[in-house]
Amino acid sequence: MLILASASPRRRELLTQAGLTFEVHAADIDESRLPYEAPTTYVHRLALEKARAIHARFPDAAVIGADTTVVLENEIMNKPTGAADAERMLRALSGRMHQVHTGIAVVTPTAERIHLETTHVTFSAISEADLAHYIASGDPLDKAGAYGIQGFAARWIPRIEGDYGNVVGLPIAATMHLLKELAPDEI
């Protein structure tokens, strides 16, 4: 049995598009960043903690845990706390390049592995009208960095360097590599 330890509809959709059959059981863990924790260490730790938490409930399963964050000049931009926070994040990203980091963990009955995927994303300047429209839509409120590359915000992204799926929430090629290594019967 393959389990995704995440409630993210985007991760679910990406795994489904990749042809995988799986169950979804969201992990309920403390996602607070530790003092002085580097952004890459943070997403690694959370991905592994999510996978381990669900694996403890389903010890015979292969479990995928993931965590994605947006980083601008070492500031982690997780999901915004509200419209004002989303606006602050989008203004900071406007006209600049940032990184999207996803930690992926696969935990099976016999092994566990983690992987970090980083994609560089360049934003054009965001007009006031676009910003107001996007904030009013509510779309940025459930996304790291307050944007989803697969929707309205795509109009501001002229360039990415790296895995597109990573920016959506799960780099499928890297995930498949881990599954082939640890749980080949599940793919």
Counting only residues that are of a type in the set (Gly, Ala, Ser), over 14 Å from the mean Cα position of the chain (by Cα) and open to solvent by less than 30 Å² (accessible area, probe 1.4 Å), which one in the range 150-187 is nearest to residue 92 (Cα to Cα)? 153
So, in the range 9-18, of the ones that are more than 24 Å from residue 111 (Cβ to Cβ) and in contact (Cβ under 8 Å) with a residue 40 or more places away in the chain, which residue ends up surrounded by the fewest Cβ atoms within 10 Å (Cβ to Cβ)? 17
If you go through the range 149-161 one residue at a time, how many are touching a residue at least 40 places away in the same chain (Cβ under 8 Å) and farther than 15 Å from residue 97 by Cα? 1
Yes or no: the range 40-57 includes at least one residue that is of a type outside the set (A, V, I, L, M) and assigned to a loop (DSSP other than H, G, I, E, B). no
Residue selected from the range 55-71 under the condition in contact (Cβ under 8 Å) with a residue 40 or more places away in the chain and closer than 28 Å to residue 94 by Cα, by the criterion most open to solvent (accessible area, probe 1.4 Å): 68
Is it the case, given these coordinates, that residue 98 is over 28 Å from residue 63 (Cβ atoms) and in a strand (DSSP E or B)? yes
Residue ID - least open to solvent (accessible area, probe 1.4 Å), chosen from residues in the range 19-46 that are out of contact with any Leu (no Cβ under 8 Å at 6 or more places or on another chain) and over 23 Å from residue 75 (Cβ atoms): 27
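To keep it simple, each residue is scored yes or no on (1) under 28 Å from residue 120 (Cβ atoms); (2) among the hydrophobic types (A, V, I, L, M, F, W, C).
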| site | (1), (2) |
| --- | --- |
| 12 | yes, no |
| 18 | yes, yes |
| 30 | no, no |
| 50 | yes, no |
| 59 | no, no |
| 63 | no, yes |
| 71 | yes, yes |
| 94 | yes, no |
Quick check: is even one residue across the range 47-54 surrounded by fewer than 16 Cβ atoms within 10 Å (Cβ to Cβ) and either closer than 24 Å to residue 109 by Cα or hydroxyl-bearing (Ser, Thr, Tyr) (or both)? no
Residue 128 is checked against (1) without any contact (Cβ under 8 Å) to a residue 12 or more places away in the chain; (2) over 25 Å from residue 22 (Cβ atoms); (3) in contact with a helix residue (DSSP H, G or I) (Cβ under 9 Å, 6 or more places away or on another chain) and fails just one. What number does that condition carry? (3)
Could you go through the range 77-90 and let me know if any residue there is under 30 Å from residue 184 (Cβ atoms), open to solvent by 10 Å² or more (accessible area, probe 1.4 Å) and of a type in the set (S, T, N, Q). no
Index of the failed condition, residue 89 passing every other in (1) of a type in the set (A, V, I, L, M); (2) part of a helix (DSSP H, G or I); (3) out of contact with any Pro (no Cβ under 8 Å at 6 or more places or on another chain); (4) under 25 Å from residue 161 (Cα atoms): (3)
Residue match in the range 140-148 (condition: at pLDDT below 95, crowded, with 21+ Cβ neighbours inside 10 Å and in a loop (DSSP other than H, G, I, E, B)): yes
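The values are calculated or read from the model by the stated rules, or taken from the named source; none is laboratory data. Since we're looking at a predicted model, the values are computed, not measured. Virtual Cβ from ideal backbone geometry, glycine too; neighbours counted across all protein chains shown. When the accessible area is computed, the model is the full protein with side chains, heavy atoms only, and any ligands, DNA or RNA have been set aside. Shrake-Rupley method; radii C 1.70, N 1.55, O 1.52, S 1.80 Å.
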